[in-house]
Amino acid sequence: MTISQLPIWQQLQSQAEAMKGRSLRDLFTGDPGRAAHFSLELPEFLLDFSKNLLDRDVFVNLLRLAEDGELPRWRDDFFAGQPINATEGRPVLHPALRGALPRDVEFNDQSVMAAVECELGRLKKLVVLLHNGDLTGYSGKRITDVVNLGVGGSHLGPQMAIEALRAHRKGDVAVHFVSNVDGAQLTDVLVGLDAESTLFIVSSKTFTTSETMTNARSALRWLEQASGLEAAELLKQQFVAVTASPERAQAFGVAPERVFRFWDWVGGRFSLWSAIGLPIAIACGFENFRALLDGAASMDRHFREAELERNAPVIMALLSTWYCTFMGYPAQAILPYEQALHMLPAYLQQADMESNGKSTTRAGAEVDYATGPLIWGQTGINGQHAFYQYLHQSPEIVPADFIGSVAPGHDLQGHHEILLANMLAQSQALMNGVSAEEVGRELAAKGLGEAEIKRLTPFKVHRGGKPSNTILLKELSPRSLGALVALYEHKIFVQGVILQIFSFDQWGVELGKGLAAGLEPKLVQGDLAAEDASTAQLIEYYRRVTAGAATPAEMPEAMTADAAQAM
Ligand code: F6P
C-alpha cells in the first residue's frame, strides 16, 4: 500500500488544514511545557524545535506515520548493509566509514570495516608525509600546496568542512579547490601557485566526470609546461587520485600507491568521511579528521538507538515532511549564524535535493504528494541584509533551520553576543510577527497622528507564524561538525523512507550530462536540425560570435539555420 493511502496520512492532511489557522504564539500560550517538550539535548547541541507549527497531537501522528512507513525496519536494513539503494543494487554504508556499524558487513567478499581501516591508515601516512615536508615535487621542492579537483560530492563536503574547521587547522600545507569546468577557476587558482611544489588530488568516484577530468588534464599540461618533463613522470610524482574506480585512475597514470579508494556503497554526496575527506585531513590534521568521524559515529548511534520521539534526525525528517508534504511549504532555509559554516547551505542543498528531489515511488509509480524540500540559504547575518524581508513579509512560509554555537571560533570581544542575539531575534520575529495593534501602539508612542498610523500600519505588520528549528552547538569542533552533518544525512534518509522514494540514486543528473556530451561538438560544427529551435538558435548565435560575424547576414552559408535545416 502506498503511504498516502494509509489512514494516518488522511488524518495528518486534516490536521495540516486545521494547523494553518493557528498561531505559533497561541500554541505556546496553550502549552506551558511546549519548549521543553519540543526540544532535545544531545552531547554536542540543543535542538529546539518548539517554534514549529505543530502541537502534541500532530507530533504523535507524525511518529505514527514513521512507524506505519516501517522506518525502524528500514533503519535496521540500512545499518545491516542490505541493498537499500535498490535501483543501483547496492547497500548504503557511509556509517561504516566512521566505524559505526553494529556488525561488520561483507561486500564482494571483503570485510567493509577492514577495508575502511586499511584506507584510513594509508591516508594518515600521506598526511604525515605532507606535514613533515617529506613529499616533494619534480625539482625536489617540498609540497606546499594541494589542489583538489572534483565536483559535487567530491568537492562540497571537503571544502565545507575545511571552512567550518578554520579554527582547527594543522600544518602549513595550503588546500585549494577547483570544481568548475569554467577554466577561469583553475586559472585563478594556478596563478598563485608554484608548479614545483603543488600536488593535485583528482577526486572522482567514477573517474569519468568530464568537468573533473578536463581540469585534471589542464593541471597536467600546466605542470608539463612549467617543468618540461613528461606527463607520465609528473602524474606519478604530483598527482593523487581518490576514487571508487582505481583501475581508471591508474590508466590515467596515477601511481598505484597514490590511488586512494572508496567503494560503490558510498554515495558521492555522503563521501566526505571516506578518502574524499583527504583535503580535510591535510588542512586540519588526521586527528581532527578522526574526531569528525567520531562525531558522526555518535550521531549514528543516537539515530540507531534512540526511540523515535527522542531521535533528532527522525524529528527533523518528520518536521520537513510535515511542511513539504502536508502543509504545502516546499522550501527550507538553512541559516548558519557562524561564518565558518558558510558553505553548509550549499553542501546540504546537494545532500538533500539530489537525494529526495524525486517523483517516483519505490514501487515505480508517480507520487501523488510533494516530496523533499528545496534547500537554500546562506549565513544568517548576510541573509538578514538580503532575503529576510521575504521570510518576514512575503505571503510564502519558508521553514528555517537556525544554526549557531555557544562558543565563538575567534578571540574578538563583543562580536559573538551580537551574532547570537540576532539569531535568537530572527527566529522570535518570524514566530511572533507584529500585529496591527502593536504597530499602532508603537507609532503612537513615536507621536504619529491617527491618519498617518492608519496609512503606515499595513506595511509594518508582520503576520508571524513562520516556523523554525534552532540547533545550538556547544562549540563548532570537528566532533560537533561530524554530528551535525550526520544529523542531516539521517534526516534525509528518514524523509525518503517515509515518502517511499529511493534517496540514494540520482538518475535526474544523468540526462543533462548525456545531452552536454552530444552538444559540445555541435558548438563548432554539425547538423542542428534535430535540436529544438531555441537550442539551435543559441548555438547558431555562439557560432556566429565565435566566427566574428556580427549579424546573421554575415554568417557563412553553412552556419545559418536554413542551411542547417537543408542538411
Ligand atoms: O552531480 C552528479 C554527481 O554524480 C554527484 O552525485 C557526484 O557527487 C558528482 O556528480 C561527482 O561525481 P564523481 O565523484 O564521480 O566525479
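The values are calculated or read from the model by the stated rules, or taken from the named source; none is laboratory data. Just so you know, these numbers come straight off a predicted model, no measurement behind them. A quick note on method: Cβ atoms are made from the backbone with ideal geometry, for glycine too, and the neighbour counts reach across all protein chains shown. With ligands, DNA and RNA removed, areas are computed over all heavy atoms of the protein, side chains included. Shrake-Rupley method; radii C 1.70, N 1.55, O 1.52, S 1.80 Å.
Given the peptides 501-507, 208-214, 522-528, arrange them by the average over their residues of other C-beta atoms within 10 Å, most packed first. Please report the intermediate quantities before stating the final value.
Values: 501-507: 20.3, 208-214: 17.7, 522-528: 14.4.
Put in order of decreasing packing, that is 501-507, 208-214, 522-528.
May I ask for the equivalent-ellipsoid semi-axes of the chain, computed as the square root of five times each C-alpha gyration tensor eigenvalue and listed largest first in whole Å?
Working: eigenvalues 361, 198, 144 Å².
Each semi-axis is the square root of five times an eigenvalue, giving 42, 31, 27 Å.
Calculated FRET efficiency, Cys118 to Asp77, Cβ-Cβ distance, R0 = 25 Å: about 0.45 to the nearest 0.05. Each listed q (0.13, 0.14 Å⁻¹) maps to a log10 I(q)/I(0) for region 39-128, found by the Debye formula over equal Cα scatterers with no solvent: -0.70, -0.77. With the simple spin-label model, which puts each label point 7 Å out from Cα in the Cβ direction, the His410 to Gln185 separation comes to 2.6 nm. Annotation for Thr206 and Val509: the two label points, set 7 Å from Cα along the Cα-Cβ direction, are 0.9 nm apart.
Just the number please: accessible area per residue for the chain, 1.4 Å probe, all protein chains included, in Å². All intermediate terms of the calculation are to be shown ahead of the outcome.
Working: 24510 Å² over 567 residues.
In whole numbers, the chain has 43 Å² accessible per residue.
Given a Förster distance of 35 angstrom, what is the FRET efficiency for Ala255 paired with Thr535, based on the Cβ-Cβ distance and rounded to 0.05? After rounding to 0.05, the efficiency reads 0.25. Modelled label positions at Lys446 and Met1, each set 7 Å beyond Cα in the direction of Cβ, lie 5.7 nm from each other. Note on Phe28 and Thr546: the extension gain reaches 180.1 nm, defined as 0.36 nm multiplied by sequence separation minus the Cα-Cα distance.
For the chain, which whole percent of the accessible surface, found with a 1.4 angstrom probe, sits on carbon and sulfur atoms? Provide the component values of the computation, followed by the final result.
On the way: 13010 of 24510 Å².
Its accessible area is 53 percent carbon and sulfur atoms.
Taking every DSSP beta bridge that has both ends in the chain, the antiparallel portion is near 30%. Judged by the mean number of other Cβ atoms found within 10 Å, the most tightly packed of the peptides 325-336, 170-181 leads the ranking 325-336, 170-181. Does region 68-113 come out rounded, prolate or oblate, given a ≥ b ≥ c as the square roots of the eigenvalues of its C-alpha gyration tensor, rounded meaning a/c under 1.5 and, failing that, prolate meaning a/b above b/c? It comes out oblate by the Cα gyration axes.
Can you tell me the length gained on complete extension of the stretch Val434 to Ser394, counting 0.36 nm per residue apart and subtracting the Cα distance? Present the calculation step by step, with values, prior to reporting the outcome.
Values: separation 40, 0.36 × 40 = 14.40 nm, distance 1.40 nm.
The Val434-Ser394 span can extend by a further 13.0 nm.
If you take the Cα centroid of region 477-506 and the Cα centroid of region 55-71, the two points sit 18 Å apart.
Think of it as helices only: each DSSP H run of n ≥ 4 in the chain is worth -39500 (n - 2.57), and spread over all residues that comes to -14500 deg cm²/dmol at 222 nm.
Round to the nearest 0.05 the FRET efficiency obtained for Gln10 and Ser139 when R0 = 56 Å and r is the Cβ-Cβ distance. Present the calculation step by step, with values, prior to reporting the outcome.
Numbers: r = 72 Å, r/R0 = 1.28.
Computed FRET efficiency for Gln10 and Ser139 comes out at 0.20.
Please list the helices of the chain that count as membrane-span-like by this rule: a mean Kyte-Doolittle hydropathy of at least 0.0 together with Cα atoms stretching 24 Å or more along the helix axis, each helix being a complete DSSP H run. Long hydrophobic helices here: 112-131, 415-432, 478-499.
Going through region 60-96, which GluC sites (Glu not before Pro) have at most 14 other Cβ atoms within 10 Å and a DSSP loop state? Present the calculation step by step, with values, prior to reporting the outcome.
Numbers: sites: Glu67, Glu70, Glu88; in loops: Glu70, Glu88.
Counting only loop positions with at most 14 other Cβ atoms within 10 Å, none of the GluC sites (Glu not before Pro) in region 60-96 qualifies.
Contact order for the chain, expressed relative to its length and based on alpha carbon pairs under 8 Å spaced 6+ residues apart, stands at 18 percent.
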